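First up is the structure itself, then whatever we jot down about it.
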Amino acid sequence: MKTTFKTSLFLFALITSVAVIGCKSKKKEAAKQPVGEVLVNEYCTGPEFFSDKKTFRANAVSESMDQQTAKNKSLIEAKQHLASFISTTIKSTLDNYVKDNEHNKKEDLEKKYEGLTREVVNQKLSGIKVICDKLTKTPEGNYKSYVAIELGADDLVSAINDRLTKDESLKVDYDYEKFKKTFEAEMEKMNK
């Protein structure tokens, strides 16, 4: 069988078209939702609501038949998440700070620092900023509240410094610059 140039060109075009159509249909299949699953759009979440080296952030979602109850529950949950996250970061900071200072009474000093910083964190949580607040109504008639909050890391360090420098027994062993540097190192870990 003798093939001409036109026939070869036609066959090449046909094969290429089939291949392109096949690839497009596979891409469409990959983009489809898995059977039985529905994509959920959740408010007040995503990278812009993550903590970073300058700000602690937390979010929560709650549902209730009562609108205000849904909002209160989500705010309380977000504050609990934020407090837990801050406490963990401050604990790591204090552990590293006290370890680096090599004091004779490490355990005593650490307990005092932790007690004072816990007080400060509890006080500062009243100064949080709500950065996202969305309210939806579910098909069942319930209210769903989405919230994201933040607290500036500099405000927290400043408040901790104020509290620690007022305590005479800690003032002698406390080095603000070293504490701040240790804290900033912990905050830097969040960006990685």
Name the residues whose placed amide hydrogens come within less than 5 Å of the amide hydrogen of residue 131, ignoring near sequence neighbours (fewer than 5 apart) on the same chain. 148, 149, 150
What are the residues whose amide H is under 5 Å from the amide H of residue 51, where those residues sit 5 or more places off or on another chain and H is modelled from the backbone? 57
Quick one: of 73/180; 54/137; 32/189; 32/134; 129/166, which pairs are farther than 32 Å apart, Cα to Cα? 73/180; 54/137; 32/189
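Quick note: the coordinates plus some simple rules give every number you see, no bench work behind them. This one's a predicted model, so the numbers in the text were calculated from it and none came from an experiment.
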